[in-house]
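Engineer: So that we are looking at the same thing, I have put the structure below in structure tokens.
The values are calculated or read from the model by the stated rules, or taken from the named source; none is laboratory data. Since the structure is predicted, the reported quantities are computational estimates derived from the model, not experimental observations. Here the Cβ positions follow ideal geometry from the backbone for every residue, glycine too, while neighbour counts run over all protein chains shown. Please note that ligands, DNA and RNA were not included when accessible areas were found on the heavy atoms of the full protein model with its side chains. Shrake-Rupley method; radii C 1.70, N 1.55, O 1.52, S 1.80 Å.
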Amino acid sequence: MTTAPARTQPGTRPLGWLRHSLVLARRSLAKTTRSPGPIVNGVVTPALFLVLFLYLFGGSVAGSTTDYLRYLFPGILVMGAGLAGMISTGTTINLDRRNGVTDRFRSLPISRLAPLLGSVLADIVRYLLAVAILFAIGALLGFRVHGSLAAALAAAGLAILFGFCVSWVTVFIGVLVKDANAVVAFSFITFLPLQLGTSLAAPTSTLPGWLRAWAEVNPVTQVMDACRALLNGTTIGGTVTTTLIWCVILFVVFCPLAVRSYSRQQ
Amino acid sequence: MSEHGFEAEKLAKRFGKTVALDGVSLAAPRGQVLGLLGPNGAGKTTVIRILATLLRSDRGRASVAGFDVAGQPGQVRGRIALSGQHTSVDEELTGLANLVMIGQLLDMPRRHATQRAAELLARFGLEDAARRPVASYSGGMRRRLDLAASLVGRPEVIFLDEPSVGLDPGKRDELWQLIRGLTAEGVTVLLTTQYLEEADALADGIIVLDHGRVIAAGTPAELKQQVGGRAVVVRLDDPADTEPAAAILASVADRSPERSTRHELVVPVTGDDDFFEITARLREHAIGVTELSLRLPSLDEAFLALTGAPATTTDFTKAA
Ligand SMILES: Nc1ncnc2c1ncn2[C@@H]1O[C@H](COP(=O)(O)OP(=O)(O)O)[C@@H](O)[C@H]1O
Ligand SMILES: [Mg+2]
């Protein structure tokens, strides 16, 4: 066997940060195939709520399950994207630090942000997977897109974008806290008010007073309404714009916070 | 090129109110192993993290492979490898995938990375396990893979933070062998340990750290002299032999042995000859032993000798 050549002088090849991030994204995805927690989280929980609500409320809310599925499915999609992103990078970042993996990466001549970027890139693949699986489950149950294909893609894109922007909150938490369980606890605690306190199961106008007040200000309602309008070909109103504004706010606040604490952390 | 693998001058570091390092200076010539010895919380990991550019010191300076750690961290990172206190390989990936990934992060083309990974897996006896996920590896195999991961980029300086933690003695000896092999290639090694025995087995020079200060430095031989040499330990087959055995130890070592409750006798000796003399006399008197050894002072005994106080902080929960 011949001996492998010595390493090239580090940092001499261009676009290193991108190549290294891609290598680390591949690592993150390879890990997901062996422990698919985030995808399961982004698929199983929403799928359970889909089936549960469909057969519990299908008749009473919309008259028939087919009509109710049209109403319910878009919100479930948003829930799926939200959950898929919620814990993934936030927990990985935390676990890597505790296991000394971050120290090893930081002792290598690569960008300090490459591990974070790699994991976030892999998250995008995980969102796509979760959303695709949910669409398949929806189709099996009888859900059909009524808008244009472009509108359907826009709905999926919007759900994923929102999931991505929210995930920066958990990434920030993952960087700050000592224990990865805190990230999971955060997504668990916020699940009820953020995901269920919305127009998910029924239009906000039909909700009881206090819940209605919350659901109407909850940004997730806006995302669900926007996706619903796009997938069913109904009037979009201001929901897409509001969703995009929320995305920008979350991203602009939490991405820099997370990135800064991550790169400064010693 | 600097003649030192690494050197540090008066490093100081605090975490809030905790003084982790308080003026630590150390250096190792290229190709040597420096052992950093100290109890939990002494500041060993902090020294390694500063030298590996992961942490900035509050005061003092350090250079590794001729480059300043604060001024040229990129240059330093291109020449070092770190194997931390925990094995930092990915459980879900195969041994091969772990090493190939490091190679790719070091800008090796995939073919070279795979070739290098195969070389190292062979050298560390992990060929058969190469395509299995690390989750199925034993503790010893993980340690070896972790060490292999640090060698992918042919580093000039390697930092090993308590490399033998959690290994049983057989596996530990195997690891020691591998670490000794590193210096044969001219690699400079900084190794931390809580065991004088380990530092003695591997290091050319030893620095003893306590509460963030260097309390002793020297070659293993010098240090052993300072801390008062070795002791013979005898554990008897038959407790009834305690008196005659104690008499033999007392006459050879010229002082009466300490007795523990487990029929164990311990007596300090000045040299190998005392040990052989004791062995011979025990045989003459047909005294059966379950254990008979010549051992180095424990870290606790060494600390007692060096500081007049026992090694402190056994707070394992705080270990960072
Ligand atoms: N990141 C940190 N934050 C706060 N305290 C720390 C941190 N790292 C280390 N310490 C403290 O600094 C001291 C030295 O720690 P360390 O270098 O890990 O010791 P050792 O590796 O010898 O066990 C300990 O008291 C430890 O609790
Ligand atoms: Mg330590």
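Engineer: List every residue pair whose Cβ atoms sit under 9 Å apart, with the two residues 6 or more apart in sequence or on different chains, where the first one lies in the stretch B:255-268 and is closer than 14 Å to B:L292 by Cα and the second, anywhere, is part of a strand (DSSP E or B) and open to solvent by 100 Å² or more (accessible area, probe 1.4 Å).
Structural biologist: Close Cβ pairs (under 9 Å, with a partner that is part of a strand (DSSP E or B) and open to solvent by 100 Å² or more (accessible area, probe 1.4 Å)) amount to B:E264/B:E258; B:L265/B:E258; B:L265/B:R259; B:V266/B:E258; B:V266/B:R259; B:V267/B:E258.
Engineer: Would you check if B:L37 is within 20 Å of B:A199 (Cβ to Cβ), within 16 Å of ligand 1 (Cβ to nearest atom) and at pLDDT 95 or above?
Structural biologist: no
Matching residues to (1) within 14 Å of another protein chain (Cβ to nearest Cβ); (2) of a type outside the set (A, V, I, L, M, F, W, C); (3) over 15 Å from the mean Cα position of the chain (by Cα):
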site: A:A81; (1), (2), (3): no, no, no
site: A:R98; (1), (2), (3): yes, yes, yes
site: A:R104; (1), (2), (3): yes, yes, yes
site: A:S107; (1), (2), (3): yes, yes, yes
site: A:I110; (1), (2), (3): yes, no, yes
site: A:L129; (1), (2), (3): no, no, no
site: A:L141; (1), (2), (3): no, no, yes
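Engineer: Conditions first: (1) in contact with a helix residue (DSSP H, G or I) (Cβ under 8 Å, 6 or more places away or on another chain); (2) assigned to a loop (DSSP other than H, G, I, E, B). B:G35 passes all but one, so which condition is the exception?
Structural biologist: Among (1) in contact with a helix residue (DSSP H, G or I) (Cβ under 8 Å, 6 or more places away or on another chain); (2) assigned to a loop (DSSP other than H, G, I, E, B), B:G35 violates only (2).
Engineer: Looking at B:G38, B:G78, which one is within 13 Å of ligand 2 (Cβ to nearest atom), open to solvent by less than 40 Å² (accessible area, probe 1.4 Å) and either farther than 10 Å from B:F6 by Cα or of a type in the set (G, A, S) (or both)?
Structural biologist: Going through B:G38, B:G78 in turn, the sole match is B:G38.
Engineer: Are there any pairs with C-beta distances below 7 angstrom linking a residue in the stretch B:149-162 that is of a type in the set (S, T, Y) to a residue that is assigned to a strand (DSSP E or B), with the two at least 6 apart or on different chains, and if so which?
Structural biologist: Pairs found: B:S150/B:A81; B:S150/B:L82; B:S150/B:S83; B:S150/B:I158.
Engineer: Taking the stretch A:107-116, which residues are buried (at least 24 other Cβ atoms within 10 Å of the Cβ) and either aromatic (F, W, Y) or not in a loop (DSSP other than H, G, I, E, B) (or both)?
Structural biologist: Hits for the stretch A:107-116 are A:P115, A:L116.
Engineer: Output the residues belonging to the stretch B:41-75 that are within 16 Å of ligand 1 (Cβ to nearest atom), surrounded by fewer than 20 Cβ atoms within 10 Å (Cβ to Cβ) and more than 14 Å from chain A (Cβ to nearest Cβ).
Structural biologist: Those that are within 16 Å of ligand 1 (Cβ to nearest atom), surrounded by fewer than 20 Cβ atoms within 10 Å (Cβ to Cβ) and more than 14 Å from chain A (Cβ to nearest Cβ): B:R59, B:G60.
Engineer: Just to be sure before I move on: is B:S150 within 11 Å of chain A (Cβ to nearest Cβ), in contact with a Lys or Arg (Cβ under 7 Å, 6 or more places away or on another chain) and on the phi < 0 side of the Ramachandran plot in the structure I sent?
Structural biologist: No, not satisfied.
Engineer: Conditions: (1) in contact (Cβ under 8 Å) with a residue 24 or more places away in the chain; (2) within 14 Å of another protein chain (Cβ to nearest Cβ). A:F53 meets all but one. Number of the miss?
Structural biologist: (2)
Engineer: Okay, moving on. Sort out which residues of the stretch B:207-241 are surrounded by fewer than 17 Cβ atoms within 10 Å (Cβ to Cβ) and of a type in the set (V, I, T), and write them in order of number.
Structural biologist: If the condition is that a residue be surrounded by fewer than 17 Cβ atoms within 10 Å (Cβ to Cβ) and of a type in the set (V, I, T), then B:I215, B:T219 are the ones that fit.
Engineer: Do we find that A:V40 is more than 25 Å from A:C247 (Cα to Cα), surrounded by fewer than 21 Cβ atoms within 10 Å (Cβ to Cβ) and of a type outside the set (G, A, S) in this structure?
Structural biologist: Values: more than 25 Å from A:C247 (Cα to Cα): no; surrounded by fewer than 21 Cβ atoms within 10 Å (Cβ to Cβ): yes; of a type outside the set (G, A, S): yes.
So A:V40 fails the test.
Engineer: When you scan the stretch B:157-197, how many residues do you find that are open to solvent by 70 Å² or more (accessible area, probe 1.4 Å) and of a type in the set (S, T, N, Q)?
Structural biologist: Residues in the stretch B:157-197 being open to solvent by 70 Å² or more (accessible area, probe 1.4 Å) and of a type in the set (S, T, N, Q): 1 in total.
Engineer: Under the condition of being in contact with a Lys or Arg (Cβ under 8 Å, 6 or more places away or on another chain) and modelled with pLDDT under 90, which residue from the stretch A:12-37 is least open to solvent (accessible area, probe 1.4 Å)?
Structural biologist: Checking each candidate, the answer is A:T32.
Residues checked against (1) at pLDDT below 90; (2) within 16 Å of ligand 2 (Cβ to nearest atom):
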site: B:Q104; (1), (2): no, no
site: B:R131; (1), (2): no, no
site: B:Y137; (1), (2): no, no
site: B:G153; (1), (2): no, no
site: B:V165; (1), (2): yes, yes
site: B:D173; (1), (2): yes, no
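Engineer: Further, regarding this structure: Going by the conditions given, is B:T279 open to solvent by less than 80 Å² (accessible area, probe 1.4 Å), among the hydroxyl-bearing types (S, T, Y) and either at pLDDT 90 or above or not in a loop (DSSP other than H, G, I, E, B) (or both)?
Structural biologist: Yes, satisfied.
Engineer: Which residues, taken from the stretch B:82-93, are more than 7 Å from chain A (Cβ to nearest Cβ), modelled with pLDDT of 90 or more and crowded, with 24+ Cβ neighbours inside 10 Å? Spell out the reasoning first.
Structural biologist: Of the stretch B:82-93, the ones more than 7 Å from chain A (Cβ to nearest Cβ) are B:83, B:87, B:89, B:91.
Add one more test, that the residue is modelled with pLDDT of 90 or more, and what stays is B:83, B:89, B:91.
B:S83, B:V89, listed by residue number.
Engineer: When you scan the stretch A:117-231 for helices (runs of 4 or more DSSP H) that lie fully inside it, which ones turn up with 1 or more residues that are under 26 Å from A:L24 (Cβ atoms)?
Structural biologist: Hits in the stretch A:117-231: A:149-176, A:181-190.
Engineer: Return a yes/no flag: does the stretch B:13-22 have any residue that is part of a loop (DSSP other than H, G, I, E, B) and either in contact with a strand residue (DSSP E or B) (Cβ under 7 Å, 6 or more places away or on another chain) or within 12 Å of ligand 2 (Cβ to nearest atom) (or both).
Structural biologist: no
Engineer: If B:V100 passes every condition in (1) within 29 Å of B:I50 (Cβ to Cβ); (2) more than 16 Å from ligand 1 (Cβ to nearest atom); (3) buried (at least 23 other Cβ atoms within 10 Å of the Cβ) but one, which one does it miss?
Structural biologist: The number of the failed condition is (1).
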